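Visitor: Let me give you the structure first, and then I'll get to my questions.
The values are calculated or read from the model by the stated rules, or taken from the named source; none is laboratory data. Since the model is a prediction, treat every value here as computed from it, not as a measurement. Note that each Cβ is placed from the backbone with ideal geometry, even for glycine, and that neighbours are counted across all protein chains shown.
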Amino acid sequence: MIKMITIFLLLLFQVVNNARVTKIEVVIAENSDIYSVLKLSEIGLKAEVFNYAIKGLKKLETNGKLHNSDIISIVDYSQSSNKKRLYVIDLKNQKLLFNTYVAHGKNTGEEFAKNFSNEEGSLKSSLGFYVTELPIMGSHTGFSLLINGVEQGVNDNALKRSIIVHSADYATETFIQKNGRLGRSWGCPVLPPDMIKPVIETIKGGTCLFIYNLNENYICSSSLLN
């Protein structure tokens, strides 16, 4: 009798385990399809970065951190600031909603983002996963979006540091043409003025924002990527 129960439990474990593997494989396949359908490689977003973003989003969704998991925003700071390195994607409907410029922090780098910090007063951008909150009207920044850094020691000082999504004239193609690169912020992801309202209205209220750079320390230590 005990032997039969043991065999049953082993078979049940195998079925449950296979079901989990199948579910993961389906999710990966679906996301690979989205990446291919949207031809994201052709506009500069590497599959590896996209997959990192999806992996973190799924964990945040499982942990009940997101109100809307259909929308994901990816800032790829491994690219030149002269590239349109913000991608806002509708995963449910498989649509690229926005692809535009985004500036990084003053002390993070010039054309390329190289140095990151979670420290107040650093004037550096922070990597990792954020959950968007509600829009605000800043006295200097105008229509802006609060973002909450959810990775301890990586970006969890974002609200304290007043790291928000806002716009500025230095995040435009005109500025690039005059200066050879985008201008820089005090650590905020900054968008072109004509893009700020449609982007914020799309991503506000509990969606996932992933800010990436090829930083091995972060990638290896992030609880959302490992």
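Visitor: Take the residues in the stretch 179-193 that are in contact (Cβ under 8 Å) with a residue 24 or more places away in the chain and surrounded by fewer than 21 Cβ atoms within 10 Å (Cβ to Cβ); name whichever of them is farthest from Leu57 (Cα to Cα).
Guide: Gly180
Visitor: Of the numbered conditions (1) at pLDDT 95 or above; (2) in a helix (DSSP H, G or I); (3) loosely packed, with under 10 Cβ neighbours inside 10 Å, Gly64 satisfies every one except a single condition; which is it?
Guide: Here Gly64 meets the rest and fails (2).
Visitor: Out of all the residues in the stretch 41-53, which are within 15 Å of the chain's Cα centre (by Cα) and part of a helix (DSSP H, G or I)?
Guide: Ala47, Glu48, Val49, Phe50, Asn51, Tyr52, Ala53
Visitor: Something else about it: Does Ser117 fit the bill of being over 20 Å from Arg181 (Cα atoms), of a type in the set (Ser, Thr, Tyr) and surrounded by fewer than 21 Cβ atoms within 10 Å (Cβ to Cβ)?
Guide: yes
Visitor: Kindly indicate the residue of the stretch 199-223 that is under 12 Å from the mean Cα position of the chain (by Cα) and among the hydrophobic types (A, V, I, L, M, F, W, C) and also nearest to Gly109 (Cα to Cα) among those meeting that condition.
Guide: Result: Ile211.
Visitor: Limited to the stretch 158-186, what total is found for residues that are touching a strand residue (DSSP E or B) at 6+ places or on another chain (Cβ under 7 Å), closer than 13 Å to Gly105 by Cβ and part of a loop (DSSP other than H, G, I, E, B)?
Guide: Number satisfying all stated conditions: 7.
Visitor: In the stretch 94-106, is there at least one residue being outside any strand (DSSP E or B) and surrounded by fewer than 16 Cβ atoms within 10 Å (Cβ to Cβ)?
Guide: The answer is yes; a qualifying residue exists.
Visitor: Mind checking which residues of the stretch 182-202 are closer than 17 Å to Ile74 by Cα and either polar (S, T, N, Q) or touching a Cys at 6+ places or on another chain (Cβ under 7 Å) (or both)?
Guide: Thr202
Visitor: Where residues in the stretch 120-145 are part of a loop (DSSP other than H, G, I, E, B) and not charged (D, E, K, R), which of them is nearest to Asp169 (Cα to Cα)?
Guide: Among them, the one singled out is Thr141.
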